[in-house]
Structures are given as structure tokens and as C-alpha cells.
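What follows is a single structure, written as C-alpha cells, with notes after it.
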Amino acid sequence: MLNSYNIRTEALPTEMQSLLATYPRDSWDAHPGFKDKTRQWLRAHEGFRYLSETIRTDAEAYLDKGIDPEEFSGRLSYLGNALVRNLHGHHTWEDRSYFPELSAADARFDEGLEILETDHADLDRVLEDFTRLANRTIKLIQLNESAAREEAEQLHGVSETIEAFLARHLTDEEELAVPIILHHRLRG
């Protein structure tokens with residue numbers, strides 16, 4: 001399913017990660033410039049990873065008949081809405097506030113910014129498909145169980161795409177932004 005979307009699967013080029021060598025991920029927590037705002041941003045990313053994984057595993061459980069259709073429908077509605085709504089809000093905030101701040105602080109951020117912004121646009125397309133499939137699956141659970149399962153198979157594929165996309169994108173975003181934040185002592 002990942003190939004049906006034009007989603008980047010390779011890491012950011014090495015030259016875009018120049019500060020990561022100076023500020024490796026395993027040193028972030030101990031750095032005096034690692035403040036609550038950055039922790040909150042990273043926690044939001046962990047929440048997106050958790051939601052996308054849960055949606056995928058719920059779809060698998062539904063397809064394997066390991067979860068009641070009504071329970072699956074309710075969870076899909078709640079978790080799917082939370083994932084889509086919060087990702088859109090988070091990315092809007094990043095694009096309007098967070099990324100411009102990082103760009104103003106360090107021109108090295110600009111090298112990766114175009115890639116991250118393209119990721120956001122690509123993810124929007126995947127989330128549109130996910131929303132359509134999730135809504136159809138929920139409706140079909142009430143109307144036609146076999147048709148709901150067919151739709152849920154497609155939904156599962158798109159949820160795998162979202163999970164894989166977020167794994168790559170969020171890691172790249174973090175490894176590009178956090179070293180700049182630490183280097184310049186931003187987000188205090």
C-alpha cells in the first residue's frame with residue numbers, strides 16, 4: 001500500500017543531519033537546553049505513533065474476528081478522529097509557528113524544511129483516504145458485514161501506510177529540529 005502513495009521512505013540526507021552528531025538522540029534528555037516545550041512536542045509525536053499503531057492493530061483484530069464489530073467501529077471512530085484531527089492541528093502549528101522559528105534560528109533547518117513540508121502535504125492525501133475508508137467501514141458494519149470486512153482490508157493497508165510514514169517522518173523531523181533547538185537553546 002505504501003507504493004500507491006508517493007511517500008518518502010529514505011532518511012533525510014546525511015548533510016541535513018550535521019548537528020545530530022553533536023547532539024545525538026540519547027543525549028537530549030540530559031542537555032540543559034532540553035526544555036518542557038520540546039518534551040511536549042516529542043510526546044505529541046509519540047502519541048501519533050501510538051494512535052497509528054493502535055488503529056492498525058485494531059483493524060487486524062477486526063479482520064481476524066478478534067474484536068467485536070461494534071467495539072471496532074467505536075474505537076475506529078474515536079481513535080481515527082483523534083489521529084486525523086490532531087495530526088492536522090499539529091502540522092498546521094508546525095508550519096505556521098515552529099518551523100519558521102527554527103528556520104530563523106538556523107539556516108541548516110531550511111535544508112530539510114522543504115522535505116518536511118512535502119511530507120505534510122503527502123500525509124494530508126493519505127489521511128483523506130483513511131478518513132473516507134474509516135467512515136465507509138463504520139457505516140458498512142451497520143449495513144453489510146462482508147462489505148465492511150472488504151473495506152476494512154483497504155483501511156488496514158492505509159493504516160500501515162500511515163504508521164510507516166509517521167515512523168520515518170517524525171524521526172526525521174525530531175532529528176533535524178531537536179539538535180537545532182539544543183544548539184541555540186530555543187523553546188525555553
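Quick one: which residue in L76, L116, L186 is more than 30 Å from Y23 (Cα to Cα), in contact (Cβ under 8 Å) with a residue 60 or more places away in the chain, in contact with an Asp or Glu (Cβ under 8 Å, 6 or more places away or on another chain) and not charged (D, E, K, R)?
It is L76.
Looking only at segment 118-167, how many residues end up being among the aliphatic types (A, V, I, L, M), open to solvent by 50 Å² or more (accessible area, probe 1.4 Å) and closer than 30 Å to F99 by Cβ?
1
Among the residues of segment 46-60, how many are among the aromatic types (F, W, Y) and in contact with a Lys or Arg (Cβ under 7 Å, 6 or more places away or on another chain)?
0
So which residues in segment 42-67 are free of Cβ contacts under 8 Å to residues at least 60 places away in the same chain and in contact with a Phe, Trp or Tyr (Cβ under 9 Å, 6 or more places away or on another chain)?
Hits for segment 42-67 are D58, A61.
Of all residues in segment 47-61, which are over 17 Å from the mean Cα position of the chain (by Cα) and within 12 Å of A134 (Cβ to Cβ)?
Correct list: D58, A59.
Kindly indicate the residue of segment 58-95 that is open to solvent by 70 Å² or more (accessible area, probe 1.4 Å) and within 21 Å of T118 (Cβ to Cβ) and also modelled with the lowest pLDDT among those meeting that condition.
W93
Counting only residues that are open to solvent by 30 Å² or more (accessible area, probe 1.4 Å) and within 12 Å of E174 (Cα to Cα), how many does segment 21-39 have?
4
Restricting to segment 29-47, and then to whatever is in contact with a helix residue (DSSP H, G or I) (Cβ under 6 Å, 6 or more places away or on another chain) and not small (G, A, S), can you tell me which residue is modelled with the highest pLDDT?
H45
The values are calculated or read from the model by the stated rules, or taken from the named source; none is laboratory data. What you see is a predicted model, and the numbers here were worked out from it, not measured in a lab. Glycine also receives a Cβ, built like all others from the backbone with ideal geometry; neighbour counts cover every protein chain displayed. In case anyone asks, the SASA skips ligands and DNA or RNA and just uses the protein heavy atoms, side chains included. Shrake-Rupley method; radii C 1.70, N 1.55, O 1.52, S 1.80 Å.
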